[in-house]
Amino acid sequence: SPAAIAAGEASAAFNRVPPARCRFVRARAEDALARAAKRGDAYDCVVLDPPREGAGAAVPELVRALAPARIVYVSCAPEALGRDLARFLRRDETPAYRLATVVPIDMFPHTPHVETVVVLERDPGGGSRRGAAGAARLSSA
């Protein structure tokens, strides 16, 4: 949404993040990622915060084409998170990623809803069957 973009840009400015180091894009993830890959853009980190339905089926492949060192995935739906992580953690794809951190956040106490922040890191062993899901650090919020 335009409000989310404005808030992100204000936060980046407040934290003195140079505009060249952080860009906010309002578009369907598939479209923005495909354009970035076509331009040959390179990113250290890609942050995804999809709707409750999760990331589109093409998103993991499109993110992988950018080969970021880290992917941060924010989810409000455990079922979609599980499905999408299975797509991101496929060991037969390159580059391969491993689960580094999982942080559940109870933003809505006394309800069944939980936000989860997951960090995936590029696996230097990429594509090997070694440590299929990798070791994860579970943090409490």
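The values are calculated or read from the model by the stated rules, or taken from the named source; none is laboratory data. Note that the structure is predicted; figures quoted are calculated from it, not measured. Neighbour counts run over all protein chains shown; Cβ positions are idealised from the backbone, glycine included. For the accessible areas, the whole protein counts, side chains as well, though only heavy atoms, and no ligand, DNA or RNA atoms are used. Shrake-Rupley method; radii C 1.70, N 1.55, O 1.52, S 1.80 Å.
So how compact is segment 67-130: Cα radius of gyration and Dmax in angstrom?
Looking at segment 67-130, its Cα Rg and Dmax stand at 13.2, 42 Å.
Would you be so kind as to identify which of 20, 76, 5 lies farthest towards the positive end of the dipole of segment 1-93, taking Lys and Arg as +1 and Asp and Glu as -1 on Cβ and the Cα centre as origin?
Checking the options against the dipole of segment 1-93, the answer is 20.
Residue by residue, what Karplus-based ³J(HN,Hα) values in Hz, rounded to whole numbers, does segment 3-15 have, using 6.51, -1.76 and 1.60 with θ = phi - 60° and x for Gly and Pro?
For segment 3-15, the Karplus-derived couplings read 5, 5, 5, 4, 5, x, 5, 5, 5, 4, 5, 4, 8 Hz, x marking Gly and Pro.
For q values of 0.09, 0.10, 0.14 Å⁻¹, compute log₁₀ I(q)/I(0) with the Debye formula on a Cα-only model of the chain, without solvent.
Debye curve over Cα of the chain, log10 I(q)/I(0) at q = 0.09, 0.10, 0.14 Å⁻¹: -0.29, -0.36, -0.71.
Evaluate the charge dipole of the chain about its Cα centre and quote only its size in Debye, nearest 20, assuming +1 on the Cβ of each Lys and Arg and -1 on the Cβ of each Asp and Glu.
On the way: 20 positive and 16 negative charges, 90 e Å.
So the dipole magnitude of the chain works out to roughly 440 debye.
Please work out the average accessible area per residue across the chain, using the 1.4 Å probe convention, and give it in Å².
In whole numbers, the chain has 62 Å² accessible per residue.
Using each residue's phi in segment 101-115, evaluate 6.51 cos²θ - 1.76 cosθ + 1.60 at θ = phi - 60° and report the 3J(HN,Hα) Karplus result to the nearest Hz, with x for Gly and Pro.
Rounded to whole hertz, the list is 8, 10, 10, x, 10, 8, 7, 10, x, 6, 10, x, 7, 9, 8.
Give me, ordered by chain and number, the residues 5 or more places off residue 97 or on other chains with an amide H under 5 Å from its own placed amide H.
When sequence neighbours closer than 5 places are left aside, the close amide H contacts are 123.
At a 1.4 Å probe, what is the % contribution of carbon and sulfur to the accessible area of the chain?
With neighbouring chains kept in place, the figure for the chain is 58 percent.
Restricting to the chain, what percent of DSSP beta bridges are antiparallel, rounded to 5?
For the chain, the DSSP antiparallel bridge percentage is about 70.
What is the Cα radius of gyration of segment 1-49 over 2.2 N^0.38 Å, N being its residue count? Don't jump to the answer; show the numbers that get you there.
Working: Rg = 11.5 Å, N = 49, 2.2 N^0.38 = 9.7 Å.
For segment 1-49, the normalised Cα radius of gyration is 1.19.
At 222 nm, what helix-only mean residue ellipticity would the chain give, in deg cm²/dmol to the nearest 500, using -39500 (n - 2.57) for each DSSP H run of four or more? Display every interim value, and only then the final one.
Working: 4 runs with 43 residues, N = 141.
Calculated mean residue ellipticity at 222 nm is -9000 deg cm²/dmol.
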